[in-house]
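S.K.: This is the structure I have questions about; it appears just below.
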Amino acid sequence: MSHELRWAVTDGPDGTAAVVLPDDDASARRLAAQAGGLWCAREAGGCGGELVVVHGRGVPPTLRHTGHTACAFGRGSRSAGPAYDHLRYRPALLAWLGGQGHRPRLCTVPDPGGHTGLHVVVDEVGAALEVQLAPLPDTAWRQRDDGLRRQVGRVTWLHGPDADVTAATEASVRGVSLALRRHDRGLLVGVRDADGRTRWVRLAACRLTADGVEAPGVEEARAVHARRTAERRVAARRAARRATAAGSLAGQLPLWPLPSPL
Ligand SMILES: [Zn+2]
């Protein structure tokens, strides 16, 4: 299937300032004029080539490579949107970590569907952030989670809009999970509890420590989950004791005298 190219970066071939081309000609012209250049982002898997806006009659404007280099986002190739998506989370995420004095190491996580995620390691606190933007089956999530925990001490998943199912799974298993959404130029973090309630806070209200991401509501959600788990354990032990008692009681009951053989 052919996809029109509508994505670019404005800060050079290796840049990360991603933009999507507006639907109307006037806005697209304005964007191109203000940007001072549009490039096919290498960080999104593109070729780094220069792009120009192409206007057509009755169709939304698109971007075209100026050269003839082979590119993943050339004519008739896959959509650039999912591949560029992580770039829209990066600046705010890195600014947030930098503001806390961290020096994060960041790499992209490829996805079979082309919806690239992010893996961010902060060595100072021995913690990693996993920005999951593509949907991820539960088994794959558990596998990756186990692997990451063996490598880095503490892993915090930040689930994007398409990874909502994984966010629900993690919340039911651990009592809390964190969602990540873009909002204006910043990011919002959704603290989801085991009952499926989500409380949204600005990323600026959160901190990364050796315990992972501290966000308002996380501790409460964990405490509720720990209490319920403990209650369930007590209830299970009680039920097991009752079953054992009933069993031993049954053993002590006198047996009816067997009828003597005739
Ligand atoms: Zn390209």
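The values are calculated or read from the model by the stated rules, or taken from the named source; none is laboratory data. Being a predicted model, the structure only gives us computed values, none of them experimental. Please note: Cβ atoms are built from the backbone with ideal geometry, for glycine as well, and neighbour counts cover all protein chains shown.
S.K.: Would you pick out the residues in region 50-68 that are loosely packed, with under 14 Cβ neighbours inside 10 Å and within 11 Å of residue 32 (Cβ to Cβ)?
M.R.: 52, 55
S.K.: Using the structure shown, decide if residue 142 is surrounded by 12 or more Cβ atoms within 10 Å (Cβ to Cβ), assigned by TED's automatic domain parsing to the domain that holds residue 95 and within 26 Å of residue 119 (Cβ to Cβ).
M.R.: yes
S.K.: Has region 64-71 got any residue that is closer than 26 Å to residue 163 by Cβ and not in a helix (DSSP H, G or I)?
M.R.: no
S.K.: Next question, about the same structure. Assess whether residue 171 counts as being under 20 Å from residue 106 (Cα atoms) and not β-branched (Val, Ile, Thr).
M.R.: The answer is no for residue 171.
S.K.: Same structure, new question: Here's a check for you: in region 20-38, which residue that is in a loop (DSSP other than H, G, I, E, B) and surrounded by fewer than 19 Cβ atoms within 10 Å (Cβ to Cβ) is farthest from the ligand (Cβ to nearest atom)?
M.R.: Across region 20-38, the extreme among qualifying residues is 24.
S.K.: Here's something else I'd like to know. Looking at residue 8, is it assigned to a strand (DSSP E or B), within 29 Å of the chain's Cα centre (by Cα) and modelled with pLDDT of 95 or more?
M.R.: Taking the combined requirement at face value, the residue satisfies it.
S.K.: Now, a different point. Search region 57-77 for residues being in contact (Cβ under 8 Å) with a residue 12 or more places away in the chain and more than 12 Å from the ligand (Cβ to nearest atom), and hand back the single one that is farthest from residue 44 (Cα to Cα).
M.R.: The extreme case among them is 60.
S.K.: Here is a further query. Does at least one position in region 27-35 carry a residue that is farther than 21 Å from residue 185 by Cβ and not aliphatic (A, V, I, L, M)?
M.R.: Checking region 27-35: at least one residue is farther than 21 Å from residue 185 by Cβ and not aliphatic (A, V, I, L, M).
S.K.: With (1) at pLDDT 95 or above; (2) within 30 Å of residue 214 (Cα to Cα); (3) not aromatic (Phe, Trp, Tyr) as the list, and residue 38 as the residue in question, which single condition is left unmet?
M.R.: Residue 38 satisfies all of (1) at pLDDT 95 or above; (2) within 30 Å of residue 214 (Cα to Cα); (3) not aromatic (Phe, Trp, Tyr) except (2).
S.K.: Give region 207-228 a look and list any residue that's exposed (fewer than 14 other Cβ atoms within 10 Å of the Cβ) and of a type in the set (A, V, I, L, M, F, W, C), or say none.
M.R.: If the condition is that a residue be exposed (fewer than 14 other Cβ atoms within 10 Å of the Cβ) and of a type in the set (A, V, I, L, M, F, W, C), then 210, 223, 226 are the ones that fit.
S.K.: Of these, 17, 80, 41, which one is within 24 Å of residue 186 (Cα to Cα), within 11 Å of the ligand (Cβ to nearest atom) and in contact with a Ser or Thr (Cβ under 8 Å, 6 or more places away or on another chain)?
M.R.: When all the criteria are applied, what remains is 41.
S.K.: Here's something else I'd like to know. Tally the residues that are of a type outside the set (D, E, K, R), farther than 25 Å from residue 161 by Cβ and in contact with a Gly (Cβ under 9 Å, 6 or more places away or on another chain), restricting the search to region 97-130.
M.R.: So the count comes out to 2.
S.K.: Given region 87-186, what helices (runs of 4 or more DSSP H) lie entirely inside it while holding 3 or more residues that are in contact (Cβ under 8 Å) with a residue 24 or more places away in the chain and farther than 30 Å from residue 229 by Cα?
M.R.: Per the criteria, 90-99.
S.K.: Somewhere in region 229-236, is a residue among the hydroxyl-bearing types (Ser, Thr, Tyr), at pLDDT 95 or above and surrounded by 11 or more Cβ atoms within 10 Å (Cβ to Cβ)?
M.R.: No, the conditions are met nowhere in region 229-236.
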